[in-house]
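All remarks here apply to the structure that follows.
The values are calculated or read from the model by the stated rules, or taken from the named source; none is laboratory data. Since this is a predicted model, take the numbers as computed values, not measurements. No Cβ is skipped: glycine too gets one built from the backbone with ideal geometry, and neighbour counts run over all protein chains shown. What goes into the accessible areas is simple: the full protein's heavy atoms, side chains included, and nothing from ligands, DNA or RNA. Shrake-Rupley method; radii C 1.70, N 1.55, O 1.52, S 1.80 Å.
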Amino acid sequence: MSRSQNPSGHSYNRFTAKMAFDLAAPHTWPASIAPVAIAASLAIATGYPISATLTIALLGICILMQSSVNTFNDYYDYVKGTDSSDDDVDPTDAVLIYNKVNPTCALVYAIALLVSAFILGGYVIYHAGLIPLAIGVIGAVFVVLYSAGKTPISYLPLGEAVSGIVMGGLIPLACYQVLTGLLTPLAVLWAVPEILGIGLIMFTNNTCDIEKDAVAHRRTLSVLLNREKARRLYHAIMWLWLIAIILIVGIFFTQGLIMLPFLLLSTYPLLKALRNNPLAPQSRQAAMSQICSVNIALGAWYAAAILASNSVIVC
């Protein structure tokens, strides 16, 4: 394996394609895929024919930005000493800890992912105008501010809200505008389940990491609440997520109500397992797998319920 030298004279391992893949954290991509799928379903349900190439481009942009967020977060956690080999994490979730690789490579990779998203966004802007660019710039700013800076967002009790609103709210809003040419606040209302679901991914991670984050002087919502109160709030948001889907489908996509019994039957075991998880360090890997699975299941059934409706009722 080829190596490079750092300023201290120690050698670094080569930055490999597998490391790049692991830094991108594909298991978190449901947070990017579901909002695009729901936006496409909304466009179809509201009577707009959608472009397959634009939809694929939007999906690529969102995955690239999600991968950039993941890589930025790993890089800054590493250089600040927040992550260590003592943490109960899979080696693929801590590439810079378990591989002797130059962290600058990860930083360059994160920037390249973000730039690639904007290059692909040029195709979208050409077809849809400057509105998605404006929304994309807002998202990119939060991508960087989430991990970078003296006091990044990830160190504040805002991470859940910011990740939920940006990825679960702004992405469906932008995608719906690109696919339909219509910028409407209703798209944000219809995206409320995604805002809650994606926010819970961050809430899961932060609640499992309370002890580690407290030592690193992170003032996350979970650290401020303590684990018992954080779990109570977590469970309340989890059920609110489910209720939001039922209400939105019942009010706006009434013919999609036929899908809800299947939604409830298929997701109940996943929700029950997630509710029973202690959200502690030793159960972190299981918790992250469970919340991603619930996001996939609820997102898919929500999109199916929207598609099952031949029309939308606007109150």
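Phi angles of segment 260-273 translate, via the Karplus equation with coefficients 6.51, -1.76, 1.60 and θ = phi - 60°, into HN-Hα couplings of 5, x, 5, 4, 5, 5, 7, 9, 4, x, 5, 5, 5, 5 Hz per residue; Gly and Pro are given as x.
Placing unit charges on C-beta atoms (Lys and Arg positive, Asp and Glu negative, everything else neutral), compute the dipole magnitude of the chain about its Cα centre in debye, rounded to 20. Provide the component values of the computation, followed by the final result.
Details: 16 positive and 15 negative charges, 28 e Å.
That gives the chain a dipole magnitude of about 140 debye.
Provide the per residue accessible area, probe 1.4 Å, for the chain, rounded to a whole number of square angstrom. Solvent-accessible surface per residue comes out at 44 Å².
Here's the list of lysines a cross-link from residue 212 could span, going by alpha-carbon distance under 18 Å and ignoring same-chain residues fewer than 8 apart: 80, 229. Split the accessible area of the chain by element, probe 1.4 Å, and carbon with sulfur accounts for 69%. Taken one residue at a time, the phi angles of segment 46-52 give Karplus couplings (6.51, -1.76, 1.60, θ = phi - 60°) of 8, x, 10, x, 9, 8, 5 Hz. Gly and Pro are set to x. Under the criterion of Cα pairs below 8 Å and six or more residues apart, the relative contact order for the chain equals 22 percent. With a simple spin-label model that places each label point 7 Å from the Cα along the Cα-to-Cβ direction, the separation between residue 127 and residue 100 comes to 4.8 nm. Taking every alpha-carbon pair within segment 182-315, the share separated by more than 25 Å comes to 32 percent.
Across segment 152-159, coupling constants 3J(HN,Hα) worked out from phi with the 6.51/-1.76/1.60 Karplus curve, θ = phi - 60°, read x, 4, 5, 9, 10, x, 10, x Hz, and Gly and Pro carry x. In this structure, the amide hydrogen of residue 101, modeled 1.01 Å from its nitrogen in the peptide plane, lies closer than 5 angstrom to those of 13, counting only residues at least 5 positions away or on a different chain.
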